[in-house]
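A short worksheet on the structure shown next.
The numbers here are math on the coordinates, done by the rules we state, and not lab data. As the structure is a prediction and not an experimental result, all values here were calculated from the model. Here the Cβ positions follow ideal geometry from the backbone for every residue, glycine too, while neighbour counts run over all protein chains shown.
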Amino acid sequence: MRDQMNPVVDRILGNIDKVMTGKRNVAELSLIALLAGGHVLLEDVPGVGKTMMVRALAKSVSAKFRRIQFTPDLLPSDVTGVSIYNPKEMEFEFRPGPILGNIILADEINRTSPKTQSALLEGMEEHSVTVDGVTHILDKPFFVMATQNPIDYEGTYPLPEAQLDRFLLKMKMGYPAPNEEMEVLNRAQRSLPIEDLQPVVSLEELRGLQQSIKEVVVDESLKRYIVELSGRTRSHSSVYLGVSPRGSIALMKAAQAYAFIYGRDYVIPDDVQYLAPSVFAHRIILKSEARFEGITPEDIVNRVMARVPVPVQRLVK
């Protein structure tokens with residue numbers, strides 16, 4: 001049985017539920033990444049509600065929403081902004097790009113060139129962009145939800161491993177169940193719920209939540225558990241490239257956010273185990289023979305968790 005959810009978080013998720021039917025788990029994981037200061041990679045086929053999810057999250061937390069539609073001809077300056085000469089003032093003026101917002105939807109990121117992908121991913125890592133030698137600090141909070149079509153779709157550029165590692169977690173939306181899809185049709189027949197959605201949390205409150213996450217206690221035994229899990233992925237016989245130390249940090253931060261969401265100021269092993277597949281799987285590169293056998297990165301994470309003893313920790317209250 002789960003703990004009592006934080007009332008502010010419950011308010012945000014309840015607001016998103018007004019728009020998204022049957023996607024509570026996806027909304028929860030998205031909020032975990034936002035609160036932990038990370039970013040999300042959302043992979044799925046077109047038309048399942050990826051864009052609507054990000055818009056609903058942005059509206060719920062009073063955030064400045066920006067959308068970047070990635071196409072093969074998109075330039076890095078289309079993302080970061082550009083300096084334009086003003087003859088009246090006789091100086092260059094910076095015209096900010098869409099990356100200068102709070103919540104950024106990077107739509108179909110794998111349809112653009114690696115050079116343009118890097119412009120976004122640099123901002124994600126550094127929380128700043130440099131244009132013509134001038135550094136511009138990005139807004140806080142700064143959260144990117146990048147969507148991509150499955151890599152076997154035509155016209156896609158797979159993200160390199162180093163760039164995948166910058167996403168806190170990766171998830172899929174999935175098709176709705178028949179009864180959920182019926183509810184989607186009923187809502188769409190009346191109006192578009194997203195247009196009437198109102199904020200339930202201010203940006204200042206959101207920043208406060210992000211600060212509170214950092215105070216959630218992670219016992220030393222759980223830190224060792226996370227390190228052991230990531231280490232086992234690196235030494236696994238089916239794995240070419242395992243989870244990096246950045247991935248270990250990501251799992252710890254995600255677990256802190258998850259504990260906070262459910263009203264605890266300490267992390268328990270269940271938090272780590274629940275989030276490990278979403279945080280670790282996209283960081284694992286399998287050997288070719290493992291892929292031919294039908295093994296997935298999620299399989300590796302689950303096998304590793306089955307073999308590493310779960311710590312019996314002292315609950316910190």
Between segment 1-47 and segment 253-317, the Cα center-to-center distance that results, in Å: 18
Residue 147 long-range amide H proximity, modeled H, under 5 Å: 42, 106, 107, 108, 109
Percent antiparallel among DSSP beta bridges (both partners in the chain, rounded to 5): 40
30 Å Cα-Cα threshold exceeded, pairs from 59/172; 50/140; 172/253; 115/287; 115/223; 140/287: 115/223; 140/287
Other-chain or far-sequence residues with amide H under 5 Å of residue 136's (modelled H): 129, 130, 131
Segments 75-83, 285-293 sorted - mean Cβ within 10 Å per residue, highest first: 75-83, 285-293
Sequence-distant lysines (8 or more away, or on other chains) whose Cα lies within less than 17 Å of residue 88: none
Among 94, 179, 130 the positive-end extreme of the charge dipole of segment 7-207 (Cβ point charges): 179
Farthest toward positive dipole pole in segment 215-307 [+1 Lys/Arg, -1 Asp/Glu at C-beta], among 218, 277, 230: 230
Protection proxy ranking, peptides 267-278, 177-188, average beta carbon neighbours within 10 Å, highest first: 267-278, 177-188
Residues whose placed amide H lies under 5 Å from that of residue 240, excluding near-sequence neighbours: 285, 286, 287
Within segment 87-160, trypsin sites (Lys or Arg not before Pro) in DSSP loop having at most 15 other beta-carbon neighbours inside 10 Å: 88
In sequence order, calculated HN-Hα J values of segment 285-301 (Karplus, 6.51, -1.76, 1.60; Hz; x Gly/Pro): 10, 7, 5, 4, 5, 5, 5, 5, 7, x, 6, 10, x, 4, 4, 4, 4
Mean residue ellipticity (222 nm) of the chain, computed from DSSP H runs ≥ 4 via -39,500 (n - 2.57), nearest 500: -13500 deg cm²/dmol
³J(HN,Hα), Karplus 6.51/-1.76/1.60, whole Hz, each residue of segment 233-238, x for Gly, Pro: 5, 6, 9, 5, 5, 9
Label selected from [x] 34; [y] 29; [z] 23, the criterion being percent of Cα pairs over 31 Å apart as computed here: [x]
Segment 182-317: proportion of alpha-carbon pairs further apart than 27 angstrom, %: 40
